[in-house]
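K.L.:
First the structure, which I've put down as structure tokens, then a few questions once you've had a look.
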Amino acid sequence: MTDREPQALDVLDDAGRKLLFTEARTANAFAAKAVYDDELAMIWELARWSPSAANSQPLRVLFVRTREGKERLVRHLEEGNRAKTLSAPAVAVLAYDVDFHEQMPTAFPARGDMLRAAFAHQVETRENLAAYSSALQTGVFLLAVRAAGLAAGPMAGFDKAGVDEEFFAGTSWCSHLVVNIGHPGADPWFPRLPRVPIEDAVAWA
């Protein structure tokens, strides 16, 4: 039996780091340039590889692209978020599925039936796990938007109960973030705000 060489992972180049991290910004204005369904599909194709607890994958996405759909959505947003949402070519309503456990036989074949049965009557546990894991997946979703050459404008200022009734009535989906998606428009960025110093944010042991 021989020892295997450790796998060498690629390192993201400087252009990639700038695109995804150091020069990426939250967009507040969008150009009148279409975002196509295949671009939105690409975002999901990247985002779905995010880690999640027990590979539970509770994140769900509603892509809102039509004027009618956006008008239904914006009446549940805070006033300051409405105009930019109407101007965005596409909007993603990110939600988590409280009944994610029904997908466990697909998501975790080796233990799926056991996990589905274990979670079946633990609604509060499922809600907590779904909220946590979908938040983890949401961070990857925003990176996927950037990787697709688009700008993201995430917003938490909305009536979640209203959005759920408007779009997810009769389902087990619960909204948790709205993300405007498009190409940056005129004056799209607020001034870059500072980051917490490393000495206050990082510890070593």
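K.L.:
Can you run phi through the Karplus equation (6.51, -1.76, 1.60; θ = phi - 60°) for region 83-89 and list ³J(HN,Hα) in whole Hz, with x for Gly and Pro?
P.N.:
Taking θ as phi minus 60°, the curve returns 5, 5, 6, 5, 7, 6, x Hz for region 83-89.
K.L.:
Considering only the other residues whose Cβ falls under 13 Å of the Cβ of Gln137, what net charge follows from Lys and Arg at +1 and Asp and Glu at -1?
P.N.:
Charge balance near Gln137 sits at +1.
K.L.:
Mind checking the full-extension length gain between Ala186 and Glu199? Use 0.36 nm per residue of separation minus the Cα-Cα distance, one decimal, nm.
P.N.:
Working it through step by step, the gained length comes to 1.1 nm.
K.L.:
Quickly estimate the mean residue ellipticity at 222 nm for the chain, helices only: each DSSP H run with n ≥ 4 gives -39500 (n - 2.57), and the total goes over all residues, rounded to 500.
P.N.:
Result for the chain, helices only: -11000 deg cm²/dmol.
K.L.:
Where in region 133-205 are there chymotrypsin sites (Phe, Trp or Tyr not before Pro) that are in a DSSP coil and have at most 16 other Cβ atoms within 10 angstrom of their Cβ?
P.N.:
Those that pass, being in a loop and sparsely packed, are Trp189, Trp204.
K.L.:
To the nearest 20 debye, what is the magnitude of the charge dipole of the chain about its Cα centre, counting +1 on the Cβ of each Lys and Arg and -1 on the Cβ of each Asp and Glu?
P.N.:
It works out to roughly 400 debye.
K.L.:
A further question on this structure: Could you compute how fast the chain diffuses translationally, taking Rh as the Kirkwood radius over C-alpha pairs and applying Stokes-Einstein at 37 °C with viscosity 0.692 mPa s? Give it in µm² per second.
P.N.:
174
K.L.:
Summing +1 for each Lys or Arg and -1 for each Asp or Glu, what net charge is found among the other residues whose Cβ lies under 14 Å from the Cβ of His76?
P.N.:
Once positives and negatives cancel, what remains is -2.
K.L.:
Something else: Based on the Cβ-Cβ distance of Ser87 and Gln122, what FRET efficiency does E = 1/(1 + (r/R0)^6) give at R0 = 45 Å, to the nearest 0.05?
P.N.:
Computed FRET efficiency for Ser87 and Gln122 comes out at 0.60.
K.L.:
Turning to a different aspect of this structure: Ala34 label point, 7 Å along Cα→Cβ, cut-off 15 Å on backbone N: hits in region 48-68?
P.N.:
65-67
K.L.:
A further question follows. Test of understanding: in a Gaussian network model of the chain with alpha carbons linked when under 10 Å, which of Ala144, Ala90, Ala54 would top the mean-square fluctuation ranking?
P.N.:
Top of the fluctuation ranking is Ala54.
K.L.:
On to the next question. Would you be so kind as to identify which of Ala29, Thr138, Ala8 lies farthest towards the positive end of the dipole of the chain, taking Lys and Arg as +1 and Asp and Glu as -1 on Cβ and the Cα centre as origin?
P.N.:
The one lying farthest along the dipole's positive direction is Ala29.
K.L.:
Roll a 1.4 Å probe over the protein chains and send me the accessible area per residue for region 57-132 in Å².
P.N.:
Heavy-atom accessible area per residue stands at 54 Å².
K.L.:
What accessible area per residue comes out for region 1-48, rounded to a whole number of Å², with a 1.4 Å probe?
P.N.:
That works out to 84 Å² for each residue.
K.L.:
Another question about this same structure. Taking the alpha-carbon centroid of each part, what is the distance from region 110-170 to region 34-83 in angstrom?
P.N.:
Answer, in whole Å: 11.
K.L.:
Of all accessible surface on the chain at a 1.4 Å probe, what whole percent is carbon and sulfur?
P.N.:
For the chain, the apolar C and S fraction of the accessible surface comes to 56 percent.
K.L.:
Excluding Pro188 itself, what net charge comes from residues whose Cβ is under 14 Å from its Cβ, given Lys and Arg +1 and Asp and Glu -1?
P.N.:
Overall, the nearby charge balance is +3.
K.L.:
Working out 0.36 nm times the residue gap between Leu20 and Ala131, then minus their Cα-Cα distance, what length gain in nm do you get to one decimal?
P.N.:
Between Leu20 and Ala131, full extension yields 37.6 nm more.
K.L.:
Something else now. What full-extension length gain, to one decimal in nm, is calculated for Asp159 and Thr171 as 0.36 nm per residue of separation minus the Cα-Cα distance?
P.N.:
In short, 2.6 nm is gained.
The values are calculated or read from the model by the stated rules, or taken from the named source; none is laboratory data. Everything quoted here is computed from the prediction, not taken from an experiment. So basically every Cβ, Gly included, is an ideal-geometry build from the backbone, and we count neighbours across all protein chains shown. Side chains included, ligands, DNA and RNA excluded: accessible areas come from the protein's heavy atoms. Shrake-Rupley method; radii C 1.70, N 1.55, O 1.52, S 1.80 Å.
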